[in-house]
Amino acid sequence: MGGEETAITAFFSDVQAFSSFSELLTPTGLVDLMNEYLTEMTNILQEERGTLDKYIGDAIVAMYGAPIPMEDHAYQAVRTSILMQQRQIALREKWVPEVEKWGKCHGLVTQMQTRIGCNTGTATVGNMGALDRFNYTMMGDMVNLAARCESGAKAYGAYIMVTEETKLASEKTKDDIAFRYLDRIVVKGRSQPVAMYEPTGFLSELTQETQDCLDCFQQGIDKYLLQDWDGALGLFEKAKGMEPNKPGVTPGVKDNPSMILIDRCKVMRENPPAADWDGVYVMTTK
């Protein structure tokens, strides 16, 4: 029993709108779906040297860097996130012809999306619980922030969201992942602002359209931070048409970062922040 402080990257994933699956599937069908999904995702996690902490229903809690120390824990966590999203696409495609197996839930199953959040820092890691029943887990503020990255990604129409700490640590290992700056936020329950990024994919695999979208989006962010709301709006509108995830096209997608920032710019234009605004957005929900 007991823990020690160590540098890790905490990883959280969750299935979007999971309560809908629970409502429509039979208990047996739900178990079949979760076993297939969690097997695929856990295989990737373990192949990339992650440590599974626990499952919470459909959610996966994991860590990189403990119990065996890893220099590249941040990179491995981000790499896992991208590989899981790619496997999620393959699973959806596999489920398309399985109409009979999933019944009235077939449409929902083929729209499944996963949200992932990661944060890098120092956490307490070790055996925790009761003397006769405990598990190897992680605790600390940085772990809570990783969980907020996962839940907060929804507010940005993103499916992976990581902190600046994770981005910078990942890039020290290998610079082959595209990161998109999303916002500088104060998450609920904390006072210090944190810069958030979306790992969009491996640079070698990005389409030209996605690359153009990221360039255009960053130009929009630059205008947004200068409080040039009209200039930012125009760029986000342009980026919107090139987003890799589009409502009505990508299964399960209702919005994307460009759409979210378009709405934000309209609100900011009507209610401008103070002249000394530092670009921080305060989140009011988890």
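The values are calculated or read from the model by the stated rules, or taken from the named source; none is laboratory data. What you are looking at is a predicted structure, and each value in this text was computed from that prediction instead of being measured. Don't worry about glycine lacking a Cβ; one is built from the backbone with ideal geometry, like all the others, and counts go over all protein chains shown.
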Q) Looking only at residues in segment 194-230 that are of a type in the set (Ser, Thr, Tyr) and free of Cβ contacts under 8 Å to residues at least 40 places away in the same chain, which one is surrounded by the most Cβ atoms within 10 Å (Cβ to Cβ)? A) TYR197
Q) Does PHE236 count as under 27 Å from GLN86 (Cβ atoms), in contact with a Cys (Cβ under 7 Å, 6 or more places away or on another chain), among the aromatic types (Phe, Trp, Tyr) and outside the structural domain of ASP58 (by TED's automatic domain parsing)? A) yes
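Listed here are the residues, each with its yes/no results for (1) among the polar types (S, T, N, Q); (2) out of contact with any Cys (no Cβ under 9 Å at 6 or more places or on another chain).
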residue: THR137; (1), (2): yes, yes
residue: GLY140; (1), (2): no, yes
residue: ALA146; (1), (2): no, no
residue: GLY152; (1), (2): no, yes
residue: TYR156; (1), (2): no, yes
residue: ILE160; (1), (2): no, no
residue: LYS174; (1), (2): no, yes
Q | Segments classed as helices (runs of 4 or more DSSP H), wholly inside segment 58-110, with at least 1 members that are at pLDDT 90 or above and more than 25 Å from ASN245 (Cβ to Cβ) | A | 73-95
**Q.** Residues located in segment 242-286, provided they are among the hydrophobic types (A, V, I, L, M, F, W, C), surrounded by fewer than 16 Cβ atoms within 10 Å (Cβ to Cβ) and in contact (Cβ under 8 Å) with a residue 40 or more places away in the chain
**A.** TRP277, VAL280, VAL282
Q: Among the candidates ARG79, ARG92, single out the residue that is surrounded by 12 or more Cβ atoms within 10 Å (Cβ to Cβ) and more than 30 Å from GLU165 (Cβ to Cβ).
A: ARG92
